[in-house]
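Enquirer: Structure provided below as structure tokens; questions to follow.
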Amino acid sequence: MLTVIIHTKQGQFTETLQKDEPVLKAAWRAGLDEKGLGMCGGNCCCATCHMQVLSGGDCVTPIKGDENALLDTQPDVDDASRLACQMRVVKAGELQLKWIEGEDE
Ligand code: FES
């Protein structure tokens with residue numbers, strides 16, 4: 001089991017995932033879809049699920065070409081940037097993420 005802790009402007013959300021589940025599922029369970037996260041349904045084309053990995057990045061699948069290409073088009077990207085929909089659980093542990101939210105406030 002992977003514990004996923006997501007830090008957002010609205011506070012911190014903690015969810016759990018099983019092996020092979022996408023991290024996007026944890027974000028949706030936390031209700032972040034209502035804040036606009038995951039508009040493309042996890043198809044790697046909206047980037048609303050942009051997260052900064054704070055720790056535990058070894059618990060999920062590594063970054064791939066499509067994900068890298070989409071992140072390259074986004075502002076506020078750094079070496080810790082990932083898309084929640086493209087990360088899948090590979091082992092148990094704790095994953096800490098910061099959601100990079102849009103400028104809608
Ligand atoms: S949900 Fe759209 S890119 Fe991840």
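Laboratory data are not the source of any read-out in this text; all were calculated from the coordinates shown. For clarity, every value in this text was computed on a predicted model and none was experimentally measured. Ideal geometry is used to build each Cβ from the backbone, glycine not excepted, and the neighbour counts take in all protein chains shown.
Enquirer: For region 55-93, name all the residues that are exposed (fewer than 14 other Cβ atoms within 10 Å of the Cβ) and either under 14 Å from HIS7 (Cα atoms) or touching a Phe, Trp or Tyr at 6+ places or on another chain (Cβ under 7 Å) (or both).
Expert: SER55
Enquirer: Report whether or not GLN10 is touching a Lys or Arg at 6+ places or on another chain (Cβ under 6 Å) and either within 14 Å of the ligand (Cβ to nearest atom) or within 17 Å of GLY102 (Cα to Cα) (or both).
Expert: When the stated conditions are applied, GLN10 does not pass them.
Enquirer: Next question. Quick check on GLU101: is it part of a loop (DSSP other than H, G, I, E, B), crowded, with 17+ Cβ neighbours inside 10 Å, within 16 Å of the ligand (Cβ to nearest atom) and not small (Gly, Ala, Ser)?
Expert: For GLU101, the condition - part of a loop (DSSP other than H, G, I, E, B), crowded, with 17+ Cβ neighbours inside 10 Å, within 16 Å of the ligand (Cβ to nearest atom) and not small (Gly, Ala, Ser) - is met.
Enquirer: When region 55-89 is examined, which residues are found to be part of a loop (DSSP other than H, G, I, E, B), touching a strand residue (DSSP E or B) at 6+ places or on another chain (Cβ under 6 Å) and of a type in the set (A, V, I, L, M)?
Expert: Result: ALA80, MET87.
Enquirer: Right, something else. Can you tell me which of ASP33, ASP58 is more than 12 Å from the ligand (Cβ to nearest atom), of a type in the set (D, E, K, R) and either without any contact (Cβ under 8 Å) to a residue 40 or more places away in the chain or touching an Asp or Glu at 6+ places or on another chain (Cβ under 6 Å) (or both)?
Expert: Being more than 12 Å from the ligand (Cβ to nearest atom), of a type in the set (D, E, K, R) and either without any contact (Cβ under 8 Å) to a residue 40 or more places away in the chain or touching an Asp or Glu at 6+ places or on another chain (Cβ under 6 Å) (or both) holds for just one of ASP33, ASP58, which is ASP58.
Enquirer: Also, quick follow-up: Give me a count of the residues in region 90-101 that are aliphatic (A, V, I, L, M) and within 15 Å of TRP28 (Cβ to Cβ).
Expert: Number of matching residues: 1.
Enquirer: Let me ask another. Filter region 21-54 down to residues that are hydrophobic (A, V, I, L, M, F, W, C) and not in a loop (DSSP other than H, G, I, E, B), then give me how many there are.
Expert: Let us first name the residues in region 21-54 that are hydrophobic (A, V, I, L, M, F, W, C), namely 23-24, 26-28, 30, 32, 37, 39-40, 44-47, 49, 51, 53-54.
Pick out the ones that are also not in a loop (DSSP other than H, G, I, E, B) and you get 23-24, 26-28, 32, 51, 53-54.
Selection size over region 21-54: 9.
Enquirer: Here is a further query. If the requirement is being within 11 Å of the ligand (Cβ to nearest atom) and within 13 Å of the chain's Cα centre (by Cα), which of these qualifies: ALA80, ALA84?
Expert: Unique residue meeting the criteria: ALA84.
Enquirer: Looking at (1) polar (S, T, N, Q); (2) in contact with a Ser or Thr (Cβ under 9 Å, 6 or more places away or on another chain); (3) part of a loop (DSSP other than H, G, I, E, B), find the lone condition where GLN96 falls short.
Expert: Only one criterion is unmet by GLN96, namely (3).
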